[in-house]
Amino acid sequence: MDEEQIQHLLMELGPRLTEPVPPDLGEHIKQRIPHRLARHKISWDTVNIIIDLRLSKSVAAAVIVIALVLLLNLFGDRNSPMGGIVQDGVLLVKYWGKAGKIDLSAVKTKYEHLLERGEEVVWYGDFVDPKDSHAVLMHQKLTDGTYIVTFADGHEKEVDSEELIRFMARMLRRKPN
Amino acid sequence: MKEKAKLAEQNADGTYPKNKPRPSGDSKEPLEQKRHALVARLKAGDRAAASDLVDEYYQQIYLFMRRLGHDRQSSEDLTQEVFFNAWHHIGQLKDERALNSWLYRIASNVSNLYWRRHKHKEVIGIENINAPEVSTGRNDEFGHYEQLEQLNYAVARLPVKLKQTVVLHYMQQLTIAEAAQVAGIRQGTFKSRLNRALKALRKRVT
C-alpha cells in the first residue's frame, strides 16, 4: 500500500473514528467554572506591547507616565481640566496594583480537580501572601520525581526537589510572624 | 489522476481536497467573529463565556483525547483539565483568531503531561470504527473495513509525537498551519513529521 492510499484511508478513518461523548460531561465541566474568572490584566495595547518587550512593570509604568506628561506638554491645553490624566493615572495605579495577581479560585479549582483525580498535589494558597508573585500556591508531584509549581502570579514551572525546597524555604522566610 | 491531483493539492497548501466537508469560506467569517467575541468576553471575566466555550469545544476535545489513546475516564478528566487551564491562562491568548489552535495546544500539553506521568499506561483509544451509512455487503467493502481497522491499530501504536501529528491533521481536521501551531513547530517540520508518520504506517498496514 502506498502513502497516497494511506492518506485516503486516514481521511476516511477520522470521521468514522468517533463515539458518543458522555452527555453530562459538558454540564460537569460547567459546574466547575470558578466564581470569578481570571481577568486579563488591562486591555491596554501600550501596556501589553511594553510587557511583550520584557521590560519590568516599573519601567513600563515609568515609560507610560513620561509619555503622558510629554503628550500633555506638547499638545495639551494647560488650562484644561485634568480629568483625562487623572483617569489614566487611576488606571495605571490599578494596573500597577493588580499586575502579578491572579484569581486564586481558578488555581484552587484546578487543585481540587487534581486532588480528586488522585494526584499528589499540595495547596499552600491559604497562607501565602498573594501579593508576592514568587509565593508558591501549589505543587504537583510527577512520577519522574519532578514537581510542577504554580506561583501566585499564575505562572507554572517544572522543578526538581532541590529547587522546590529552595522555593519553600524562601516562602517561609517571607512569612510574617 | 484526479485523486492524485487532490492529494497533491493537499500536500502543497495543507488543505483538504475541495470535496471534503470543510467549513466553507462563507461561514468562516461569522465563525471567526463569534470566536473573537467569545475571547473578548472570556478576557473580561464573563462566566457565561466560559460556559459557551465548554459548549463549543468539549466534544471535540474529548474525542481528541480518545483518538490520542486515552481511556474514557482519563479523557473526561483531561478534557476538564484543558478547560481549567484555558480559563486560567486566557489572558495569554494574544490572537483571538487562534482560539482553536490555542485550545488544542493546551489539550496536547495536557495529554503529553499525562503520558509522562503514566508512562506504562495502556493505550486504549476508540476501537470501534463506525460502518458506512450505506452498506452494499460486498466482499471488497469488508476488506476495506479491515484495512481501516489495521490502520487504526497502527496509528494507536505510533510514537506519541507522530500520533499527535496524524490525529491533529487527519482526524481533528486541522490545516497544516493550525496543526503546526498546536505542535509548536514550523510548518515544514510538521510536514516532515507527517511524512515520517505516513512511512511508518505504510510499513504496518498491508
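Here, each number is a calculation from the coordinates, and none is a lab measurement. Treat the numbers as computed from the prediction; the structure is a model and nothing was measured. A quick note on method: Cβ atoms are made from the backbone with ideal geometry, for glycine too, and the neighbour counts reach across all protein chains shown.
In this model, which of A:157/B:161; A:110/B:119; B:43/B:119; B:34/B:119; A:110/B:121; A:110/B:43 are farther than 29 Å apart at the alpha-carbon?
Numbers: A:157/B:161 22 Å; A:110/B:119 22 Å; B:43/B:119 36 Å; B:34/B:119 39 Å; A:110/B:121 23 Å; A:110/B:43 19 Å.
Those over the limit are B:43/B:119; B:34/B:119.
Classify region B:140-206 as rounded, prolate or oblate, taking a ≥ b ≥ c as the square roots of the eigenvalues of its Cα gyration tensor: rounded when a/c is under 1.5, otherwise prolate if a/b is larger than b/c and oblate if not. Walk me through the numbers before you get to the answer.
Details: a/c = 2.61, a/b = 2.00, b/c = 1.30.
Because a/c hits 1.5 or more and a/b exceeds b/c, region B:140-206 counts as prolate.
Return A:171, A:1, B:171 ranked ascending by Cβ neighbour count within 10 Å, so the fewest neighbours appear first.
A:1, A:171, B:171
Sort B:124, B:176, A:29 by Cβ crowding within 10 Å, fewest neighbours at the top.
B:124, B:176, A:29
Sorted from fewest to most neighbouring beta carbons within 10 Å, what does the list A:172, B:148 look like?
If I rank by nearby Cβ atoms, fewest first, I get A:172, B:148.
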